[in-house]
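Read the figures in this text as sums done on the coordinates, not as results from a lab. Keep in mind that what you see is a predicted model, and the values were worked out from it rather than measured. With ideal geometry, Cβ positions are generated from the backbone for all residues, glycine too; neighbour counts draw on all protein chains shown.
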Amino acid sequence: MAIAAAMVAVGASFGAIAVSYGLPLWLPFLMSTAVFAGGAQFLAVGLIAAGNPVAAVLGGLLLNARHLPFGLAVSDTIGPRWRDRLVGSHLMTDETVAFTLAEPDPAGRRRTYWLIGLTLFTFWNVGTAVGVLLGGATGDPATLGLDAAFPAGLIALITPSLRDRETRLVALTGAGVAVVLTPVLPAGLPVMCALLGLLALFLPRRASGQQASRPTSPTAEPSRPVEPC
């Protein structure tokens with residue numbers, strides 16, 4: 001419920017910001033329905049209002065490039081039919097994928113994906129409508145602390161998966177990269193760079209492989225004394 005409430009609040013903030021930029025009322029509705037990507041939508045309305053729609057498209061593609069590994073992770077869950085894949089890929093969000101992968105049962109994963117995806121899609125569009133209709137009266141969700149619901153929910157979902165050392169190493173490395181780059185990169189890019197945490201898997205293996213392949217010096221046999229004839 002906290003994530004759903006945050007979805008409404010952030011969606012309302014998006015709708016209000018889009019209207020405050022002087023964009024037509026139909027545009028935020030169209031974006032929330034056809035794009036359904038919070039970070040990309042916030043970036044796009046600012047660039048469109050500034051008269052740079054091409055940069056808005058390119059920025060959205062860059063921010064949503066993280067959906068490529070997400071899609072690989074849940075491709076079997078969505079279903080084999082093209083209709084399911086098209087609709088399922090549109091409903092893909094960080095929260096939907098996290099909730100889905102937290103389910104151990106394959107059937108439960110499929111139900112979770114569609115339930116969470118459709119629920120968040122609905123709440124996001126409801127929030128957008130509220131923001132467009134009420135304008136600046138919606139305020140900033142950060143003042144209510146609702147913006148913290150998304151990262152808090154994701155942390156709670158991934159914590160049970162941090163059982164082995166390699167998984168913890170990747171998660172902590174990726175989190176560290178994202179935290180360091182957040183002050184210097186646009187929103188969304190630090191999350192992409194967090195994928196560099198996967199490199200932490202290969203460094204120990206490479207080091208151990210080099211150590212294993214290092215030639216060992218043969219042990220010299222003790223010389224035998226020469227016996228006199």
Requested in this report: Sketch the reach of a paramagnetic label on Arg111 as a point 7 Å from Cα along Cα-to-Cβ, and name the residues of region 60-77 whose backbone nitrogen lies under 19 Å away.
Outcome: 76-77
Report summary line: So Asn52 and Arg81, fully extended at 0.36 nm per residue minus their Cα-Cα distance, gain in nm 6.7 nm
**Report entry** Part-to-part distance (alpha-carbon centres) for region 29-85 and region 165-180, which is given in Å
**Finding:** 25
Requested in this report: Using label points projected 7 Å from each Cα along Cα→Cβ, tell me how many nm separate Leu134 and Leu169, to one decimal.
Outcome: 4.8
Report summary line: For 32-41, 18-27, ranked highest to lowest by mean beta-carbon neighbours within 10 Å, the order is 32-41, 18-27
Query raised in the report: What is the spin-label model distance, in nm, from Leu30 to Leu198 if the labels are put 7 Å beyond Cα along the C-beta direction?
Result: 3.5
Query - Shape of region 1-74, Cα gyration tensor, a/c cut at 1.5 - result: oblate
